[in-house]
Amino acid sequence: MDFVHSNLQVLQRQLSWVSTSDVDWQLWVQGSSWTVAGWEIYLLLRQYPLYSLPSPPPALSAHISQDTFEKSQKYGKDKARLQIFSKVYGQVVDSAMLAFGFYPWCWKASGSLVERVGFPVQSYVITHSIAFCFLLAFLSSIPSMPVSYYSTFVVEQKHGFNKQTPKLFFEDIIKGYAVSVALGAPLLAVFLKIFDWAGERFVAFIMLFMLGMQMLLVVLYPTVIQPLFNTLTPLKSGEVRTRVEALASALRFPLKHLYEIDGSKRSSHSNAYFFGLPWSKHIVIFDTLLEQSPAGDVEAVLAHELGHWYLAHPTKMMAVGQLHMFSILAVFPAFLHAPAFLRAFGFDFSGVEGGAGAVKGGGGGGGGGEGEIPTILAFLLFQMVLMPMEAVVSALMSALSRRFEWEADRFACEIGEVVRKTNSKNSSGKESEGKEGEGKEGEGKEEVDVSVYSDIGDRLARALITLHVKNLSTMHVDWMYSAYHHSHPTLLERLKELEVLGKKKA
Ligand SMILES: [Zn+2]
């Protein structure tokens, strides 16, 4: 820990120019956010004309009727048009909020609010910070609400995907706010407390805290949060249940519950996923997937999903996320102790410089308490500064996620082999290390019949095509758009790969 700390201090010395130089950080944020928005609009404009192509890609033409193809093109075009509009509109709103001093205003307004209910802002910086975050989140979500309403009730409606009623739409928004206040307020309080308490050494503690929160969410999300929005019911016994249970048991997947979710309550887009703690997992299948695909194909989709588990993809993703978080936190102190940085955004904490007492309530922003710059403001503005780097990180994360999708597809194709190995080496326990579950069947058996999995690649391909066609997903995809945005390889790429894997097996 000391090694990390001393290295972080070296980094801080190298970044000390932040607190002394007169960089126009607001100009930087404006310039870089317009650059990123411009790039993303450029990508949308590359993708847009593909929705006017008259026929599907040759590899898909056998699986899709001309009529369905035309429907998907129209749907894609409508969505892309809305995306372009919403990108430009969102950027103009964000940019105006920054230019017209919305953030300092919000800090001041939330200060008056908490003072009115009896918390003087000088001694209740954390209360003030929490009020600020909620006011900011609430006010800045208003401009995008009409776009989201239009998307659901005009675009999705027109193409037959919307299952939501306006009542449900607004209920979801209110529930969303309620959940974020109930969960967010205490978490934010602890987060800010750690900064106060740990001082210079906050990096390690914040990392631990974030990790703990992620674990907590894994437990809370399915048990407390998701039931507010959807209903999960135990999957009825039948072919799907039998197949999925057999598959989970053959892989030593610690399956605790198998659910069906009423995803169709809101939309007809469909999927399946798993979650839970390492020793107790839940699988959730969308009712739409169950309706659209035969049991064997649903099983193939689950084989892909279980591949993500077997290959520890969520854990790897989380590790990368932690590393990302660490690098952000490591740079942050340079911005935390820099009044000039906040001044660039219209906050006035001039009295703070040199550790003297803050000028309280003065200027555009008003002071923090105890002669300190409020951590929350520095953190918020720091994240805006990082925006262009974050765009690159998110593209890299998408690339990693696509790589994991390839691996899970390959896993599904080779699942027979994996099941055979897992079960034959089970007695020695080596092969299935860390993957012990409540495997009932394979245990002690000499040989498991894996021939049932021989055609699983074909079934996965069929399920993917069905999902794609039923969702009217985009058929022609611009490679640059896909490389930047997509967390999954395109359908065409996946089908090609599945075919290659199938031939290899044969
Ligand atoms: Zn996947």
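The values are calculated or read from the model by the stated rules, or taken from the named source; none is laboratory data. Everything quoted here is computed from the prediction, not taken from an experiment. Methodologically, a virtual Cβ is constructed for each residue, glycine included, from the backbone with ideal geometry; neighbour enumeration extends over all protein chains shown.
Conditions tested, residue by residue: (1) farther than 20 Å from residue 470 by Cβ; (2) surrounded by 15 or more Cβ atoms within 10 Å (Cβ to Cβ).
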| position | (1), (2) |
| --- | --- |
| 48 | yes, yes |
| 56 | no, yes |
| 65 | no, no |
| 73 | no, yes |
| 83 | yes, yes |
| 91 | yes, yes |
| 99 | yes, no |
| 114 | yes, yes |
Q: Return the pairs, sorted by first residue and then second, in which the second residue is among the small types (Gly, Ala, Ser) and crowded, with 18+ Cβ neighbours inside 10 Å, the first residue lies in segment 98-109 and is assigned to a helix (DSSP H, G or I), the beta carbons are less than 8 Å apart, and the residues are 6+ apart or on different chains.
A: 103/346; 104/346; 104/365; 107/365; 107/366; 108/365; 108/366
Q) In segment 285-296, how many are within 15 Å of the ligand (Cβ to nearest atom) and in contact (Cβ under 8 Å) with a residue 60 or more places away in the chain? A) 1
Q) Of (1) within 21 Å of residue 303 (Cα to Cα); (2) more than 16 Å from the ligand (Cβ to nearest atom), residue 481 satisfies all except one. Which? A) (1)
Q | Residue list for segment 111-128, filter: under 16 Å from residue 374 (Cβ atoms), part of a helix (DSSP H, G or I) and either out of contact with any helix residue (DSSP H, G or I) (no Cβ under 6 Å at 6 or more places or on another chain) or at pLDDT 95 or above (or both) | A | 112, 115, 125
Q: Return the only residue of 303, 272 being modelled with pLDDT under 90 and within 16 Å of the ligand (Cβ to nearest atom).
A: 272
Q. Taking the condition in contact (Cβ under 8 Å) with a residue 60 or more places away in the chain and either aliphatic (A, V, I, L, M) or in contact with a Ser or Thr (Cβ under 6 Å, 6 or more places away or on another chain) (or both), does residue 183 pass?
A. no
Q) If we keep just the residues of segment 486-506 that are outside any loop (DSSP other than H, G, I, E, B) and away from the ligand (no atom under 16 Å from the Cβ), which is nearest to residue 71 (Cα to Cα)? A) 492
(Q) Can you go through 30, 12 and tell me which one is more than 29 Å from the chain's Cα centre (by Cα) and surrounded by 16 or more Cβ atoms within 10 Å (Cβ to Cβ)? (A) 12
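The rows are residues; the columns are (1) out of contact with any helix residue (DSSP H, G or I) (no Cβ under 7 Å at 6 or more places or on another chain); (2) under 30 Å from residue 469 (Cβ atoms); (3) in contact (Cβ under 8 Å) with a residue 24 or more places away in the chain; (4) hydroxyl-bearing (Ser, Thr, Tyr).
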| position | (1), (2), (3), (4) |
| --- | --- |
| 143 | no, no, yes, no |
| 146 | yes, no, no, no |
| 151 | no, yes, yes, yes |
| 154 | yes, yes, no, no |
| 160 | yes, yes, yes, no |
| 164 | no, yes, yes, no |
| 167 | yes, no, no, no |
| 173 | yes, no, yes, no |
| 178 | yes, no, no, no |
